[in-house]
1. Give me the residue from segment 220-249 that is crowded, with 16+ Cβ neighbours inside 10 Å and part of a loop (DSSP other than H, G, I, E, B) and, out of that set, farthest from the chain's Cα centre (by Cα).
2. Considering only segment 9-25, state which residues are among the aliphatic types (A, V, I, L, M) and either exposed (fewer than 12 other Cβ atoms within 10 Å of the Cβ) or more than 27 Å from MET208 (Cα to Cα) (or both).
3. In segment 127-161, what count of residues is obtained for those that are closer than 16 Å to THR171 by Cβ and touching a Ser or Thr at 6+ places or on another chain (Cβ under 6 Å)?
4. Of the residues that sit in segment 16-31 and are part of a helix (DSSP H, G or I) and free of Cβ contacts under 8 Å to residues at least 24 places away in the same chain, which one is farthest from PHE62 (Cα to Cα)?
5. Against the definition (small (Gly, Ala, Ser) and buried (at least 19 other Cβ atoms within 10 Å of the Cβ)), how does ALA152 come out, yes or no?
6. Six or more apart or on different chains, Cβ atoms under 8 Å: show the pairs whose first residue is in segment 194-205 and without any contact (Cβ under 8 Å) to a residue 40 or more places away in the chain and of a type in the set (D, E, K, R) and whose second is open to solvent by less than 20 Å² (accessible area, probe 1.4 Å) and part of a strand (DSSP E or B).
7. Just to be sure before I move on: is PHE205 among the aromatic types (Phe, Trp, Tyr) and open to solvent by 20 Å² or more (accessible area, probe 1.4 Å) in the structure I sent?
8. Name the residues in segment 26-63 that are exposed (fewer than 15 other Cβ atoms within 10 Å of the Cβ) and hydrophobic (A, V, I, L, M, F, W, C), would you?
Amino acid sequence: MQSSIVTKLLTLLTIVSETRKPLTFSELVTKSGLNKSTIHRLLNISTEERLITYDEHRKVYFVGPKIFDLVRNAYSGYDIQAVALDEMMRLHALFDGNVTIGLPNGMEVVYLRVLESRRSMGPVQRPGMREPMHCSASGKALMAFLPDKMIASKLDGYNFEKFTDRTIADTRSFLTALEEVRELGYARNDREEYEHFMGISAPIFNYMSEPIAVINIWTVDSLHSLDELTSWSGELRASAERVTSLIGGTAPDIAILRGH
């Protein structure tokens, strides 16, 4: 009996959390398939425990503050590089490239952990190294999945420093590159910061659909072609999606990012 109540409560909380607008009592009955007396009992429990909030003026129910407290506590308790390590090791075993994980820091990417290729590639990224957003696959992957208005704000007055002939040097070209990232689900860097380095990056999202980290694979053009590198993107995306799932995250709706 107890497990039945728990299952029904989870059903109710799932419905309330997944809807895009607060729901009336009648809508909850319809969507859940539960009878009215059961919904009444579950709502009494949920509102008392602050899992669901009731708006007396509009007569609707929506997610309560306790849910956000639980998620925030869980979110603050993990180390993203520890969570991602298994997937990084999987990619490292599959492909002959360097595998890294990076976090945004202002308009730069900071790398936390590096699994080096079995073949020497000369100087490599080390933990603590930074790259500008505009000329790295990691930076593009992090920027592309921000809301358009936030991207515009971050690029206001931004200096597109040119490192090679392939470096993106203006806002319009960078925005075009970000649209490609949204379409593909991952970003590419074709010798834009260093003459011989190429990379691909896929974003990791938190429970608010914000890009909080990237998994990156990079190599040098003497060992792999860009086509070969991008052929690894499916496995890279799969790894980033699994890490996103492990931390309770979800990818954003692109239409919402565009303000639609």
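1. The extreme case among them is LEU223.
2. LEU10
3. 2
4. Here is the first cut: in segment 16-31, the ones part of a helix (DSSP H, G or I) are 16-18, 25-31.
Then drop every residue that is not free of Cβ contacts under 8 Å to residues at least 24 places away in the same chain, which leaves 18, 26-27, 29-31.
Values: GLU18: 10, SER26: 14, GLU27: 12, VAL29: 14, THR30: 16, LYS31: 14 Å.
It comes out as THR30.
5. When the stated conditions are applied, ALA152 does not pass them.
6. No pair meets every condition.
7. No, not satisfied.
8. ILE45
The values are calculated or read from the model by the stated rules, or taken from the named source; none is laboratory data. None of these values were measured; they are calculated from a predicted model. Note: ideal-geometry Cβ built from the backbone for every residue, glycine included; neighbour counts use all protein chains shown. These area figures cover heavy atoms from the full protein model, side chains too; ligands, DNA and RNA do not enter into them. Shrake-Rupley method; radii C 1.70, N 1.55, O 1.52, S 1.80 Å.
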